[in-house]
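For reference, the structure is listed below as structure tokens.
The values are calculated or read from the model by the stated rules, or taken from the named source; none is laboratory data. In this text the structure is predicted, and so the values were computed from the model without any measurement. Cβ placement follows ideal geometry from the backbone for every residue including glycine, while neighbour counts extend to all protein chains displayed. Calculation scope for accessible area: heavy atoms of the full protein, side chains included, ligands and nucleic acids excluded. Shrake-Rupley method; radii C 1.70, N 1.55, O 1.52, S 1.80 Å.
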Amino acid sequence: AQARVDQKAIVRDLSAGTPAFDKLTLARELTAAIANRDMFLQYQPKVHVRRQEIASAEALVRWQHPTRGLVLPGDFIPLAEEIGEIGALTLWTLERVIADQKILAADGHDLTIFINISGQLLADTAFVDSACAMVRSHGAKIGFEITETSVIRDPQVAIAHLQTFADVGITIAIDDYGAGLSSLAYLKQLPARELKIDKLFVLQLTSSHRDPLIVRSTIDLAHALEMEVTAEGVETQAALALLTVMGCDMVQGYLISRPISIDAFRQYLRDDRLK
Ligand code: C2E
Ligand code: CA
Ligand code: CA
Ligand code: CA
């Protein structure tokens, strides 16, 4: 596949002082990396607070670049979206997750694995069809994390596609809640079973006066809408204790585990540190 690089974007970057050559090179390399499967996944567990067990895991994509080293998603997902490669990357991620899930199942672990879905893909019928076909044919337990901002762009189409995902058994989670555009009118209409409070609020939970109020009211709102709540960015015992009192259902963050390779995740499950 050829990188379809937006010429206007390159000119814009030039004027901002970023060498256009670098972006063009990175775009070519990214396209090749996706085609050559030079990407890999890390998994971060999500723990159920009351049940004291691993509830699910989130897959996060990484790019091992031959000379640049490890590239994190913040540095290439926006580019993949811009050059029209995010659909291919996400379908590869889904394929990889389904394969890894079979390895975990052979170890005796039956876990739903969540992947992040760019807003752009909620309007992409070809992506929706391919993703649903893949999940259905493997009978895989998959979750999609989406942001509200991506729904607000074209709510009718996005909500219809989310319903299609839910119909094939994909669990929908609202990611980064509180960080972007939010609309209670849409939130109510989404076939979402889970709401993830953005780490922005969780990281400062025990040091700010305002954030505990926001987190508590978000937990209550989600429960009123019959959704489970995950707090992401849980780094301290103090935050975990407060979230437990507030009735938060699930937690995710460095306190429990950083994102880790599939092999490290298998080891983590084997050690069963929660029990
Ligand atoms: P996200 O979905 O909100 O993912 C959570 C990010 O927070 C991850 O960064 C994770 O490593 C980090 N994190 C987890 N626990 C903690 C913690 O306790 N403290 C702090 N400070 N950070 C924590 P990462 O892996 O760099 O991913 C960044 C973003 O890239 C993700 O945000 C997600 O929006 C996007 N992304 C990752 N993989 C994919 C993908 O396959 N497709 C798409 N479209 N986006 C992806
Ligand atoms: Ca996420
Ligand atoms: Ca998030
Ligand atoms: Ca995020």
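Counting alpha carbon pairs within less than 8 Å and at least 6 residues apart, what relative contact order, in whole percent, applies to region 80-129?
38
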Equivalent ellipsoid semi-axes for region 28-123, as square roots of 5 times the alpha carbon gyration tensor eigenvalues: give them largest first, rounded to whole Å.
27, 15, 13
Taking the Cα centre of the chain as origin, sum charge times position over the Cβ atoms of Lys and Arg (+1) and Asp and Glu (-1), and report the length of that vector in debye to the nearest 20.
300
Find the accessible area per residue for the chain; the probe is 1.4 Å, ligands and nucleic acids are left out, and the unit is Å².
49
Using only the Cα atoms, what convex hull volume per residue in Å³ does region 153-224 have?
89
How large is the translational diffusion coefficient of the chain in µm² per second when you combine the Kirkwood radius over alpha carbon pairs with Stokes-Einstein at 10 °C and 1.306 mPa s?
80
Distance from the Cα centre of region 169-221 to that of region 225-259, in angstrom?
12
Say the dipole of the chain comes from +1 at the beta carbon of Lys and Arg and -1 at that of Asp and Glu; which of 168, 213, 67 then lies farthest toward its positive end?
67
As I understand it, the dipole of the chain uses +1 on the Cβ of Lys and Arg and -1 on the Cβ of Asp and Glu, about the Cα centre. Which of 32, 264, 56 lies farthest toward its positive end?
264
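Cross-link list 46/102; 23/46; 46/141: which exceed 25 angstrom alpha carbon to alpha carbon? Show your work: numbers first, answer last.
Details: 46/102 19 Å; 23/46 35 Å; 46/141 15 Å.
The answer is 23/46.
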In deg cm²/dmol and to the nearest 500, what is the mean residue ellipticity at 222 nm of the chain if only DSSP H runs of at least 4 residues count, each as -39500 (n - 2.57), divided by the residue total?
-14000 deg cm²/dmol
Accessible area of the chain with a 1.4 Å probe: how many percent of it is carbon plus sulfur?
52
Find the Cα radius of gyration of region 224-275, compare it with 2.2 N^0.38 Å by division, and give the number to two decimals.
1.30
If N is the number of residues in region 92-140, what value comes out of its Cα radius of gyration divided by 2.2 N^0.38 Å?
1.24
